[in-house]
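Asker: Sending over a structure as structure tokens; questions will come in a sec.
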Amino acid sequence: MRYIFLALSALILAGCATNARDCDPTTGDVSIITKFNCNYSGTWDKRVEDKQKTLQYDQELNKEFKAVNDAIEKEKALSNANVVSKQKSQQELQKSMNNLLAQLKKKTAGRADAQKQVADLEKSMKEAQNKPSASELQKQMELQKLQGQLNELQETLASQ
């Protein structure tokens with residue numbers, strides 16, 4: 001009887017020496033003694049805590065990814081709105097310039113100096129239309145040049 005008690009004690013003590021790898025339920029069938037020892041030693045509880053921490057971290061990370069993605073979508077929508085707004089503004093500018101040129105051609109009929117200024121203005125407008133702008137600053141400079149030509153022409157016509 002004493003030998004049985006010693007063998008049983010050795011078996012129980014050997015079962016208490018479990019590690020996290022032995023308590024992984026995905027590794028296959030685990031004996032009843034190992035399951036008891038995993039539960040008794042707290043290894044399964046520690047495993048559950050670790051998995052919960054990992055899940056919480058992954059959820060926070062996913063939340064940040066979603067926030068960045070939403071910000072990108074918002075920026076794209078604003079950018080698209082700006083492009084549409086700029087195109088509309090450019091179309092309005094083109095229409096106004098075409099109307100102005102038509103009126104100026106009628107008004108300057110017979111005046112060579114004014115007609116040359118109108119022709120130069122029309123040429124500058126066409127160049128600005130056909131030339132893609134590399135930057136907003138370049139576009140602003142082109143518009144300023146056109147505005148200067150318009151002012152010169154206006155002064156020429158006002159001095160009649």
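Asker: Which pairs in the list K123/K145; K88/K139; K105/K126; K105/K139; K95/K123 are over 18 Å apart, alpha-carbon to alpha-carbon?
Answerer: K105/K139
Asker: Next up: What is segment 18-147 by shape, rounded, prolate or oblate, if you read a ≥ b ≥ c off the alpha carbon gyration tensor as root eigenvalues and call it rounded for a/c under 1.5, prolate for a/b larger than b/c, and oblate otherwise? List each step's numbers first, then the result.
Answerer: Values: a/c = 8.10, a/b = 7.04, b/c = 1.15.
Note, shape of segment 18-147 comes out prolate.
Asker: Tally Lys/Arg at +1 and Asp/Glu at -1 over every other residue whose Cβ is under 11 Å from the Cβ of A81; what's the total?
Answerer: Working: positive: K74, K76, K86, K88; negative: E75.
That works out to +3.
Asker: Residue by residue through segment 94-99, which ³J(HN,Hα) values in whole Hz follow from phi under the Karplus form 6.51 cos²θ - 1.76 cosθ + 1.60 (θ = phi - 60°), with glycine and proline marked x?
Answerer: Per residue, the Karplus-derived 3J(HN,Hα) values read 4, 4, 4, 5, 4, 4 Hz.
Asker: May I pose another question? Excluding residues on the same chain fewer than 8 positions from K35, give the lysines whose Cα lies under 24 Å from its Cα.
Answerer: Excluding near neighbours in sequence, the set is K46, K51, K53.
Asker: Would you kindly derive the ³J(HN,Hα) couplings of segment 111-117 from the backbone phi angles with the Karplus curve 6.51 cos²θ - 1.76 cosθ + 1.60 (θ = phi - 60°), listing them in order in whole Hz, with x for Gly and Pro?
Answerer: 10, 4, 5, 5, 5, 5, 5
Asker: Here's another thing I want to ask about it. Could you give me the ³J(HN,Hα) list for segment 66-78, computed from phi with Karplus coefficients 6.51, -1.76, 1.60 and θ = phi - 60°, whole Hz, x at Gly and Pro?
Answerer: Rounded to whole hertz, the list is 5, 4, 5, 4, 4, 5, 5, 4, 5, 5, 5, 5, 5.
Asker: What is the gain in length, in nm to one decimal, between N130 and A67 on full extension, counting 0.36 nm per residue of separation less the C-alpha to C-alpha distance?
Answerer: 18.7 nm
Asker: Related question: Pulled fully out, how much extra length does the chain show between A109 and K74, if you take 0.36 nm times their separation in residues and subtract their Cα-Cα distance? List each step's numbers first, then the result.
Answerer: Details: separation 35, 0.36 × 35 = 12.60 nm, distance 5.22 nm.
Using 0.36 nm per residue and subtracting the Cα-Cα distance, I get 7.4 nm.
Asker: Please give the Cα centre distance for segment 24-65 versus segment 67-92, rounded to the nearest Å.
Answerer: Comparing the Cα centres of segment 24-65 and segment 67-92, I get a distance of 47 Å.
Where a number appears in this text, it was derived from the coordinates with a stated rule and is not lab data. It should be emphasised that the depicted structure is a prediction, and the values quoted were computed from it without experimental measurement. Note: ideal-geometry Cβ built from the backbone for every residue, glycine included; neighbour counts use all protein chains shown.
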